[in-house]
1. Name the residue from Gly121, Ala38, Ser58 whose Cα lies farthest towards the positive end of the charge dipole of the chain, charges +1 on Cβ of Lys and Arg and -1 on Cβ of Asp and Glu.
2. Output needed for segment 47-174: three equivalent-ellipsoid semi-axes, defined as square roots of 5 times the C-alpha gyration tensor eigenvalues, in descending order, whole Å.
3. Run the helix sum for the chain: -39,500 (n - 2.57) per DSSP H stretch of 4+ residues, divided by residue count, reported at 222 nm to the nearest 500 deg cm²/dmol.
4. Between Asn144 and Ser112, how high is the FRET efficiency from 1/(1 + (r/R0)^6) when r is the Cβ-Cβ distance and R₀ = 35 Å? Nearest 0.05.
5. How large is ³J(HN,Hα), in whole Hz, for each residue of segment 42-58 in order, when computed from phi with the Karplus curve 6.51 cos²θ - 1.76 cosθ + 1.60 and θ = phi - 60°, using x for Gly and Pro?
6. Looking at the chain, how many pairs of lysines come closer than 21 Å at the Cα, when each pair is eight or more places apart or spans two chains?
7. How far, in degrees from 0 to 90, does helix 2-19 lean away from the longest principal axis of the Cα atoms of the chain, to the nearest 10?
8. Stretched out fully, how many nm does the piece from Met2 to Ala156 gain, at 0.36 nm a residue minus the Cα gap?
Amino acid sequence: GMLVIASFILLGLAIFFISGASGFLTPKYTVVAYFASANGLRPGGEVWLEGVTVGNVSDVRISKLPDANKSVEVEMRLDKTFQNLVRSDSQVSIETKGLLGENIVEITRGSSAGQAVGEGGSLQGEEAGDIKKIITGTNDFIANLDILSQQVKKMAERVDRGEGTLGKLLTDSS
C-alpha cells in the first residue's frame, strides 16, 4: 500500500514540475479587471503578462456597475512576484490563444509613472478585436465585392452591345 501511495505522490510531483505550473505555495494576490464583454472567457483561463503566464482567471461574472465598459467583472489570481509590474496604467485585454484557441487575459507591463496594483485592485480592460467583429467586417467586404462585380458585369455587357464610346470603338467596323 505504501508503494502505491508513494508512486501516486511521485507521479503527481512529476506532472506538476513537467507542466511548469506555479506552485501551490507561491504567494498570490487578487486583481479585478472590468470589460464590456467576456468574449467567451472562462474561469481557469491563463493570465499573461507580456506573454508569460503569471496567474489564472478565478471567476467571470456580470458586474453590478451601471457603466457599459464595466459590464463584466473578471477576477484574477496573479503570482505576487509580478505585483510590481502590474500597474495602474497597464493595459488589459481578452485575447485568443492561437487562431481558434481558448481565451486568455493579456496584461501589458505598466510604466514607472503608474502605481502598483495591490490586493483587490482593479484595472479597466480594453475592447479587443474579437472574431465576431472580424467576421462581420469580412461579410461587409464580400457584399461590397459582389456589388462591384455586378457593376463591372453590366459595363462589360454594354460594351459588348456596342454602347458608349468604347463599345462603338470595339464593335463598329467603320
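1. Ser58
2. Details: eigenvalues 634, 46, 35 Å².
Rounded to whole Å, the semi-axes are 56, 15, 13.
3. Details: 3 runs with 56 residues, N = 174.
Mean residue ellipticity at 222 nm (helix-derived): -11000 deg cm²/dmol.
4. On the way: r = 47 Å, r/R0 = 1.33.
Once the sixth-power term is evaluated, E becomes 0.15.
5. 3J(HN,Hα) across segment 42-58, in whole Hz: 10, x, x, x, 6, 10, 10, 10, 6, x, 10, 5, 10, x, 8, 7, 9.
6. Values: Lys28/Lys80; Lys70/Lys132; Lys70/Lys133; Lys97/Lys132; Lys97/Lys133; Lys153/Lys168; Lys154/Lys168.
The number of close lysine pairs in the chain is 7.
7. 40 degrees
8. On the way: separation 154, 0.36 × 154 = 55.44 nm, distance 8.53 nm.
Taking Met2 through Ala156 to full extension adds about 46.9 nm, to one decimal.
None of the figures in this text is laboratory data; all of them are computed from the coordinates on show. What you see is a predicted model, and the numbers here were worked out from it, not measured in a lab. FYI the Cβ positions are ideal-geometry reconstructions off the backbone, even for glycines, and counts take in every protein chain you see.
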